[in-house]
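Colleague: This is the structure I want to talk about, given as structure tokens.
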Amino acid sequence: MKYYFSLLGRILKRNMNAWGLSWFTAGLLALVFCLLMYAASRRFPQYAEYGFIYLGLSFLFMLQGAERIGFLKILFPVKRQFITVRILENFSVLLLLLILSVCFFYFFAAIVLVCGIFTFAYFDRSIRWKKSLPTPFRRYPFEFIILFRRFWFVYLFLYAIAIIAVVVHNFNLLAVVVALLGFLGWQAYAEVEPEELLWNYSMSTTAFLQHKIKRAVAQQSLMLGAPLLVGAVVFPDYMIWLALIGVIVSAVLILIVFMKYSVFPEHAGIILQLQVLIATCLPFLLIGLIPYYYRKAHRNLTFRDYDSTRKIA
């Protein structure tokens, strides 16, 4: 276990050197991050605590890759060691956020993040059933079918919280639930399908990407539809804010789809995931990022001859 964490330290140092960062520069960036969190907490005190929860869960999801978890199980076959490593990893990633949460008196966020540390350590992204779990989707959009069968209990929990938000007439809580539902939907495109599946699509690269976008937005809208509609009826004065959240969630989903196919058949790395996180916090960046990654995805798929309408010389 000690060797594993020392290896992670060496990998981190190597990546920092590749990016031209020193420990002093990294410390300055951490200080800037703390100042930004402080400014956000002062400027948006009613939403800042939920922002801490969102950031923390985002970081935890970054550590939930199926291949990575499988590799850790090989390294630490004893379950106790595996769980210990997962808890230490999660805690180290969220340490700064936990400290800031306590310093800013966001104790609810701190409790949620601590629960997240242990929850993500004990559960391997999914609860598997011996029989196929029915889903609200058709047979072919496999991304959301897989997502729903892995995280059905999270969906039930979030819908229950949405009902509570409506009953107690708490718009902020409902807005957070809608945002978390959108965030959960983004995970549908974290997995990379086998290359052979792309050959089944008898369409051009442009048509294929448009098909993926339409399907992704439609399935995401299905999961967000009920909370958004009920929220628009119960909170008519805040209808524009709910619509804005829905638009941002859908725009980020489009970006994620393009990012996925821009590096296909490889997995999206930590850099792409950080870009998604930044774009979510600064939505105006989506205006430039979406067309940029669309061109990259189109070029990547065409270069790999996934375009079925392309003539082969």
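The values are calculated or read from the model by the stated rules, or taken from the named source; none is laboratory data. Note that the structure is predicted; figures quoted are calculated from it, not measured. Quick reminder, even Gly has a Cβ in these numbers, built from the backbone with ideal geometry, and neighbours come from all protein chains shown. Side chains are part of the model used for accessible areas, which takes the heavy atoms of the whole protein and leaves out ligands, DNA and RNA. Shrake-Rupley method; radii C 1.70, N 1.55, O 1.52, S 1.80 Å.
Colleague: I need the shape label for the stretch 1-112. Rule: rounded when a/c is under 1.5, else prolate if a/b > b/c, else oblate, with a, b, c from the alpha carbon gyration tensor.
Modeller: Judged from the Cα gyration tensor, the stretch 1-112 comes out oblate (a/c at least 1.5, b/c at or above a/b).
Colleague: Need the full-extension length gain, Arg42 to Val154, defined as separation in residues times 0.36 nm minus the C-alpha distance. One decimal, nm. The partial results should precede the final answer.
Modeller: Values: separation 112, 0.36 × 112 = 40.32 nm, distance 3.08 nm.
Fully extending the segment from Arg42 to Val154 adds 37.2 nm.
Colleague: Placing +1 at every Lys and Arg Cβ and -1 at every Asp and Glu Cβ, with all other atoms neutral, what dipole size does the chain have around its Cα centre, in debye to the nearest 20? Display every interim value, and only then the final one.
Modeller: Working: 29 positive and 13 negative charges, 139 e Å.
In debye, rounded to 20, the chain gives about 660.
Colleague: Size of the chain along its principal axes in angstrom, Cα-based, largest extent first?
Modeller: 63, 55, 44
Colleague: Treating the stretch 1-60 as a set of equal point scatterers at the Cα positions, no solvent, please give the Debye-formula log₁₀ I(q)/I(0) at q = 0.18, 0.22, 0.25, 0.28 Å⁻¹.
Modeller: With one equal scatterer per Cα and no solvent, log10 I(q)/I(0) is -0.83, -0.94, -0.99, -1.05.
Colleague: If R0 is 45 Å, what FRET efficiency do you get for Asp237 and Phe105 from their C-beta distance, rounded to 0.05? If you can, show how the numbers build up before the last one.
Modeller: Details: r = 29 Å, r/R0 = 0.64.
So the FRET efficiency works out to roughly 0.95.
Colleague: Now a separate question. Helix by helix, which DSSP H runs in the chain go 20 Å or more along their axis at the Cα atoms and have an average Kyte-Doolittle hydropathy of -0.5 or more? The partial results should precede the final answer.
Modeller: Numbers: long enough: 2-18 (24 Å, -0.31); 23-43 (30 Å, 1.30); 45-62 (26 Å, 0.77); 79-103 (34 Å, 1.40); 107-122 (23 Å, 2.37); 142-167 (34 Å, 2.03); 171-186 (23 Å, 2.22); 205-234 (43 Å, 0.78); 239-262 (35 Å, 2.36); 286-303 (25 Å, -0.07).
Both cut-offs are met by 2-18, 23-43, 45-62, 79-103, 107-122, 142-167, 171-186, 205-234, 239-262, 286-303.
Colleague: Picking from Trp186, Trp23, Trp241, which is most flexible by a Gaussian network model of the chain using Cα springs under 10 Å?
Modeller: Checking each option, the largest mean-square fluctuation is seen for Trp23.
Colleague: Let me make sure I get this right: for the stretch 148-212, a, b and c are the square roots of the gyration tensor eigenvalues over alpha carbons, sorted descending. Under 1.5 in a/c it's rounded, otherwise prolate if a/b > b/c, else oblate. Which is it? Could the numbers behind the result be given before it?
Modeller: Numbers: a/c = 4.43, a/b = 2.60, b/c = 1.70.
It is prolate, given that a/c is not under 1.5 and a/b is the larger ratio.
Colleague: Run the accessible area of the chain with a 1.4 Å probe and give the carbon-and-sulfur part as a rounded percent. Walk me through the intermediate numbers first.
Modeller: On the way: 12610 of 18080 Å².
The value for the chain is 70 percent carbon and sulfur by accessible area.
Colleague: Mean residue ellipticity at 222 nm from the helices of the chain, using -39,500 (n - 2.57) per DSSP H segment of n ≥ 4 over the full residue count, to the nearest 500 deg cm²/dmol? Please list the in-between numbers first.
Modeller: Numbers: 13 runs with 237 residues, N = 313.
So the helix-based figure for the chain works out to -25500 deg cm²/dmol.
Colleague: Please compute the per residue accessible area over the stretch 199-270 with all protein chains in place, 1.4 Å probe, rounded to a whole number of Å². Present the calculation step by step, with values, prior to reporting the outcome.
Modeller: On the way: 3360 Å² over 72 residues.
Result: 47 Å² of accessible area for each residue.
Colleague: Looking at the square roots a ≥ b ≥ c of the eigenvalues of the Cα gyration tensor of the stretch 179-271, which shape do they give, rounded for a/c under 1.5, prolate if a/b is larger than b/c, or oblate?
Modeller: Numbers: a/c = 2.88, a/b = 2.13, b/c = 1.36.
Verdict is prolate for the stretch 179-271.
Colleague: Let me ask something additional. With every protein chain left in place and a probe of 1.4 Å, what is the accessible surface of Lys214, to the nearest 10 Å²?
Modeller: Result for Lys214: roughly 150 Å² accessible.
Colleague: Quote the relative contact order of the chain in percent (integer), defining contacts as alpha-carbon pairs under 8 Å separated by 6+ residues.
Modeller: Numbers: 242 pairs, mean separation 47.6, N = 313.
Normalised by residue count, the contact order of the chain is 15 percent.
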